[in-house]
Amino acid sequence: MKILIKGGRVINPATGRDERADVAIATGRILGIGHVPADFQPQRVIDAAGCIVAPGLVDLAARLREPGHEHEGMLESELNAAAAGGVTSLVCPPDTDPTLDEPGLVEMLKFRARKLSLCRLFPLGALTRGLGGEVLTEMAELTEAGCIGFSQAEVPIVDTLVLQRALQYAATFGYTVWLRPQDGWLGKGVAASGAVATRLGLSGVPVAAETVALLTIIELVRITGARVHLCRLSSAAGVALLRAAKAEGLPITADVSINSLHLTDVDIGFFNPAMRLTPPLRQGGDRDALRAALADGTIDALVSDHTPVEGDMKALPFGEAEPGATGLELLLSLALKWGADSGLPLATTLARVTSCPVRVLGESLGSLASSAGQLLPGGVADVVVFDPEATWTVEPGRLLSQGKHTPFAFEATGTALPGRVRATLVAGTVAHESLEARTG
Amino acid sequence: MLHRRNPQLNRHGELIHLLSIEGLPRDVLTHILDTAGTFLSVNDREVKKVPLLRGKSVFNLFFENSTRTRTTFEIAAKRLSADVINLDIAKSSASKGESLLDTIANLSAMHADMFVVRHSESGAPYLIAQHCAPHVHVVNAGDGRHAHPTQGLLDMYTIRHFKQDFTKLSVAIVGDIVHSRVARSDIHALTTLGVPDIRAVGPKTLVPGDLRDMGVRVCHSMAEGIRDADVIIMLRLQNERMSGAMLPSAGEFFKNYGLTADKLALARPDAIVMHPGPINRGVEIESSVADGARSVILPQVTFGIAVRMAVMSIIAGNEA
């Protein structure tokens, strides 16, 4: 299908391109930006007047809940949510049921996602069998099946000898290991240690839960040379360790979630279960450090940490409520809000959800690596068209995700969010469009 | 982010639930204590009843075992002429897999007027207050480590009874503060009522420095903690904390932090000794002190009934 995106402001964060231009798309690729061939006959014209035309978002952390937790989310519902949020590629962690430790499961997920053609899916394989922290998975087989890295999801490896060997083995073949730095023992609480947890009588997760794990991981990276991506940092002290590790030249990257970027433990209020999240929300100083680190590039990417949670699992006392919040449909708006609050150029803001996460994925993307997260003539046509001036209010019931729990519901925040997706294209086909975009 | 108003107060600032002492204005606390004073005499009458809650149904919902607290709530409700239904949920619905809110919905359908709730999870009574019918009142009878507001209030009643003026007192709270809902409620009540010197006393495993955020002085030495104190509140040491990574043994705890006659001599000569009960003799307190002249442990229990009557009658009289 030939599509012309007409009259929008085209931003390619990786190159700094920012100009009003038409974008011609054919056979899944970008035919031209600005220079549309005279004989180009589009079957569809998307009117992008007043809109930004940018690379589709790349989300490094989104749970789809399949297989095993279909009552909380299905591939179709969650990939529809991704498309509605302008997300054209996402990475899903292996904590499904069964866990993604068998090539067949990974192939099945990839196959079904391809059939839906709503969003590209890049699964993380389990680093250890059943995430048990004891036996390594068949990483080569899993990579062949489509895994772009290996992860323990939320289950820390307690045995540091196993962790060291996992990193050694992954380093042998150049696989990236994705770890959320949290000590298994210190991390058992339900809220960040601090004045709020003390006052509310909630068991605390100290900053040391993150820094102890980080120090271990960083030292093992030094020894093994493994490439590690740190998932969802939560503390100022964690940011300082990351900054030092990067300055040392270690092959480490990191991301932060939309929740930790915008919220603090004070938002728990009177035990609001929507604020039960992992990692837990920390204090204002931590949030400020995370925002600054994302702005200066110390933290590479912003992620939705999308986790659909069934209704009943949040209708529980805070400590018993299931952690997590929906996020795919909020990622763009919360990136824009952070960028505006921080006074960043739009291209820098968008880089943190497009070209920077693609750099984290690196060679694991194969032939996509050269053009994903970018708008380049001849590159893949993964595109989002959004109105940066439009605001919207989050009404959980109207989200496409099966997960309706979010700390950002208008009812709770009283705040509207900036930026509305008009159209999302994946490999040159329309995966989502709003009514306003339908002109031709 | 927006914050909803304190869920235990209505638009007029009147108490409709009692969930925590935190955030309650001083005049609300004083009103409860004054009202409790008027009920104290009811307990001395031959017919120990007033008709304030006649025709009302009070459900005692105890998701966690307790005999003493449940009994005092039952007595208080009956002296207000309410019908009392005791539900030992730890042994019934929850074990059949019914969710907390389903239990609440079912009991609401039985036309409950008040739920007295004890639960092992901090914040559970808030969840219940947010989900029950508007005319139903909720009293927190202890949730996790968070709050035990009626215990806090009866402790304040006791202190006021023996010491009158809060604004000149030194109060020491000794023992397992970090896991104690009683300590949290006491600290909020004492700060609200204007006590200038509150000390939290115990080892760092049970009294971490974070507690300073609540407005207390953290003392790891018993001598420093109780010196010249006017009030000493000893907390119960739960069995599961007596040996393990929190403490090596009950004996070693007693040696360092148990209240003995010798240590009590460091406090002011007219200091009173309190304990929320049940007491572990020889673990947190020596028998001669628990039973001694300075102990007000039994008056606490008596005042507890009057305070619970006051709380129930006040919230029942206010509309959401």
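Observations
- Considering every alpha-carbon pair of the stretch B:1-70, the percent of pairs per 5 Å bin, from zero through the bin containing the longest distance, is 3, 11, 14, 17, 23, 19, 8, 3, 1, 1, 0.
- Annotation: the stretch A:125-203 has a Kirkwood hydrodynamic radius of 13.9 angstrom, from the mean reciprocal C-alpha pair distance.
- The GluC sites (Glu not before Pro) of the stretch A:99-145 that meet both conditions, a loop assignment by DSSP and at most 14 other Cβ atoms within 10 Å of the site Cβ, are A:GLU134, A:GLU138.
- Taking a ≥ b ≥ c as the square roots of the eigenvalues of the Cα gyration tensor, an a/c ratio of 1.5 or more together with a/b larger than b/c marks the stretch A:126-259 as prolate.
- Residue-averaged [θ]222 nm for chain A, counting only DSSP H segments that reach four residues, each worth -39500 (n - 2.57): -8500 deg cm²/dmol
- For chain A, the direction-averaged projected area of the alpha-carbon convex hull comes to 18.9 nm².
- Percent of Cα pairs exceeding the 44 Å cut-off, where the set is the protein assembly as shown: 36 percent
- Over the stretch A:227-365 - Rg/Rh using Cα atoms and the Kirkwood inverse-distance radius: 0.98
- Principal semi-axes in Å for the stretch A:322-440 [√(5λ), Cα gyration tensor, largest first]: 26, 18, 16
- q = 0.13, 0.15 Å⁻¹: log10 I(q)/I(0) that the Debye formula gives for the stretch B:85-152, counting C-alpha atoms only: -0.34, -0.45
- Considering only the Cα atoms of chain B, their convex hull presents on average a projected area of 16.8 nm².
- The residue list A:LEU365, A:TRP392, A:LEU417 was ranked by how far each Cα lies along the charge dipole of the stretch A:348-417 toward its positive end, using unit charges on Cβ atoms, and A:LEU365 comes out on top.
- Distance histogram in 10 Å bins (all Cα pairs of the stretch B:156-225, percent per bin): 22, 55, 22, 1
- Normalised by the number of residues in the stretch B:211-320, the average gap of Cα pairs under 8 Å and 6 or more apart makes the relative contact order 27 percent.
- Each Lys and Arg Cβ is given +1 and each Asp and Glu Cβ -1; about its Cα centre, the stretch A:285-440 then shows a dipole of about 340 debye.
- The modelled label-to-label distance for the pair A:ASP18/A:GLU107, using points 7 Å beyond Cα in the direction of Cβ, is 4.7 nm.
- Membrane-span-like helices in chain B (whole DSSP H runs, Cα extent of at least 15 Å along the helix axis, mean Kyte-Doolittle hydropathy of at least 1.0): B:297-316.
- Coordinate range along principal axes, alpha carbons of the stretch B:25-141, Å, largest first: 44, 33, 25
- Per-residue average of Cβ from other chains inside 10 Å of B:116-126: 5
- Sorted peptide list for A:321-328, B:8-15, A:88-95, criterion being average Cβ within 10 angstrom, highest first: A:88-95, A:321-328, B:8-15
- Built amide H within the under 5 Å cut-off of B:ALA82, gap 5+: B:LEU53
- Here the stretch B:231-246 is scanned for amide nitrogen atoms under 19 Å from the site 7 Å beyond the Cα of B:ARG281 along Cα-to-Cβ, giving B:234-239.
- Across peptide A:348-358, the mean count of Cβ atoms from other chains lying within 10 Å of each residue's own Cβ comes to 0.
- Inter-chain Cβ neighbour count for A:191-199, averaged per residue, equals 4 (cutoff 10 Å, partner chain atoms only).
- Taking every alpha-carbon pair within the stretch A:263-327, the share separated by more than 17 Å comes to 48 percent.
- Beta bridges per DSSP with both ends in the protein assembly as shown, % antiparallel, nearest 5: 35 percent
- Here the stretch B:188-247 and the stretch A:244-272 have alpha carbon centers that stand 33 Å from each other.
- In the stretch B:65-142, trypsin sites (Lys or Arg not before Pro) in a DSSP loop with at most 10 other beta-carbon atoms within 10 Å: none
- Whole-Hz ³J(HN,Hα) from phi, Karplus 6.51 cos²θ - 1.76 cosθ + 1.60, for the stretch A:410-420, glycine and proline x: 4, 4, 8, 9, x, 10, 8, 9, x, x, 10
- Diagonalising the gyration tensor over the Cα atoms of the stretch B:189-320 and scaling each eigenvalue by 5 before taking the square root yields semi-axes of 27, 18, 17 Å, largest first.
- GluC sites (Glu not before Pro) within the stretch B:33-114: DSSP coil, no more than 10 neighbouring Cβ in 10 Å: B:GLU46
- Pair A:LYS2, A:ALA416: separation of 7 Å Cα→Cβ label points (nm): 3.9 nm
- From phi via Karplus (6.51, -1.76, 1.60), per-residue ³J(HN,Hα) for the stretch A:275-292 in Hz, x at Gly/Pro: 8, 7, 9, 10, x, x, 5, 9, 8, x, x, 5, 4, 4, 5, 5, 5, 5
Here, each number is a calculation from the coordinates, and none is a lab measurement. Just so we're clear, the structure is a prediction, and the values are computed from it rather than from any experiment. Neighbour counts are summed over all protein chains in view; Cβ atoms, including those assigned to glycine, are modelled from backbone coordinates with ideal geometry.
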